[in-house]
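Have a look at the structure below before the remarks.
The values are calculated or read from the model by the stated rules, or taken from the named source; none is laboratory data. Since we're looking at a predicted model, the values are computed, not measured. Methodologically, a virtual Cβ is constructed for each residue, glycine included, from the backbone with ideal geometry; neighbour enumeration extends over all protein chains shown.
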């Protein structure tokens, strides 16, 4: 099976990170999956030396750029059985490049707004061969779209990388960050931005004086968060770890509780899956898709989004109850044990087969290492 994945991004985050995880899982399962992306920034550095990663996309600044990018996509798809798009812009590039080719387009939908009913999105999704949805709350939205009636679709099973696992020692990370060994740490991971909810966590910490806060991430909002922390009087039990990718699993291991206060650009909520895989219970805002990952009363708890007082009550209760944290951490790790890269690949291969079997151009699907006919 030959599949070209398109991601019009140059940073290893959000949709690009989940798309790359899927490509790697598919390749491990024997699929000849390729990854086309924009060069520069940290995504190119991460993919350096991989012959299946192709930096053929650019940030188009002129009609000429667009024509060249469409031609590059068209050339890259000549030996592909299907194309899998992950963002609206790369879906647009695929629609333009594949007109009349008969090559099917599969689309991952990572955000609810990408299913909205305006004319552009309606045109973009029309003729899509299959949909891969980031969470189950997108199912009713997809079902209501007239142009998607009868289109095969799948809710992608969340998966964390193999490095995220229970039993890791978070002690050295705590020591390096100056967090006391006996502190009960509630941490969060994500871009520091006004809409990412770190301010809600700070307000909750102010009302839960026995809890230590850990904020992992970088962004323009950091200065304002530090100012808010001083105003709320939580500076002495709050740590900003900065942006971390390598060794992120050890920061999860340094947490006793993971707090998910707001969704990012990717509504698959990857951070919850990673925390669970490390055996950390999650206190999550009750947002679309969160219940796919958090079982209230078992692997964590839910609270109304933006309600700092409700989060503070949970922080106080869970900080005081070591047995609850331990049992919920075990439940989180057990739930994550089934969310493997192999399961993700198997599900997506099934989706591909449901919409192709053979491609619309009549070519059979090929395993890695074979040539098309």
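Taken over segment 123-140, the criterion of being surrounded by fewer than 18 Cβ atoms within 10 Å (Cβ to Cβ), in contact with a strand residue (DSSP E or B) (Cβ under 9 Å, 6 or more places away or on another chain) and either without any contact (Cβ under 8 Å) to a residue 24 or more places away in the chain or more than 11 Å from residue 155 (Cα to Cα) (or both) is satisfied by 127, 139. Checked against (1) surrounded by fewer than 16 Cβ atoms within 10 Å (Cβ to Cβ); (2) in contact (Cβ under 8 Å) with a residue 60 or more places away in the chain, residue 201 meets all criteria but (1). Counting the residues of segment 303-329 that are farther than 21 Å from residue 215 by Cβ and buried (at least 16 other Cβ atoms within 10 Å of the Cβ) gives 1. The number of residues in segment 305-338 being closer than 17 Å to residue 188 by Cβ and in a loop (DSSP other than H, G, I, E, B) comes to 3.
Checking 117, 100, 150 one by one, the residue that is outside the structural domain of residue 265 (by TED's automatic domain parsing), modelled with pLDDT under 90, out of contact with any helix residue (DSSP H, G or I) (no Cβ under 8 Å at 6 or more places or on another chain) and within 23 Å of residue 65 (Cα to Cα) is 100 and no other. Only residues that are without any contact (Cβ under 8 Å) to a residue 12 or more places away in the chain and in a loop (DSSP other than H, G, I, E, B) were counted in segment 288-304, giving 1. Annotation: residue 185 fulfils all but one of (1) more than 23 Å from the chain's Cα centre (by Cα); (2) farther than 21 Å from residue 273 by Cβ; the unmet one is (2).
Within the span defined as segment 341-351, every residue fails to be out of contact with any strand residue (DSSP E or B) (no Cβ under 6 Å at 6 or more places or on another chain) and closer than 23 Å to residue 211 by Cα.
Go through segment 1-120 and tell me which strands (runs of 3 or more DSSP E), entirely inside it, have 3 or more residues that are free of Cβ contacts under 8 Å to residues at least 60 places away in the same chain. Per the criteria, 32-36, 105-109.
Go through (1) at pLDDT 95 or above; (2) touching a helix residue (DSSP H, G or I) at 6+ places or on another chain (Cβ under 7 Å); (3) under 23 Å from residue 162 (Cβ atoms) and name the single condition residue 257 misses. If we test residue 257 against (1) at pLDDT 95 or above; (2) touching a helix residue (DSSP H, G or I) at 6+ places or on another chain (Cβ under 7 Å); (3) under 23 Å from residue 162 (Cβ atoms), just (3) comes out false.
Out of 186, 181, 149, 210, one residue alone is touching a strand residue (DSSP E or B) at 6+ places or on another chain (Cβ under 9 Å), surrounded by fewer than 20 Cβ atoms within 10 Å (Cβ to Cβ) and farther than 30 Å from residue 342 by Cβ. It is 210.
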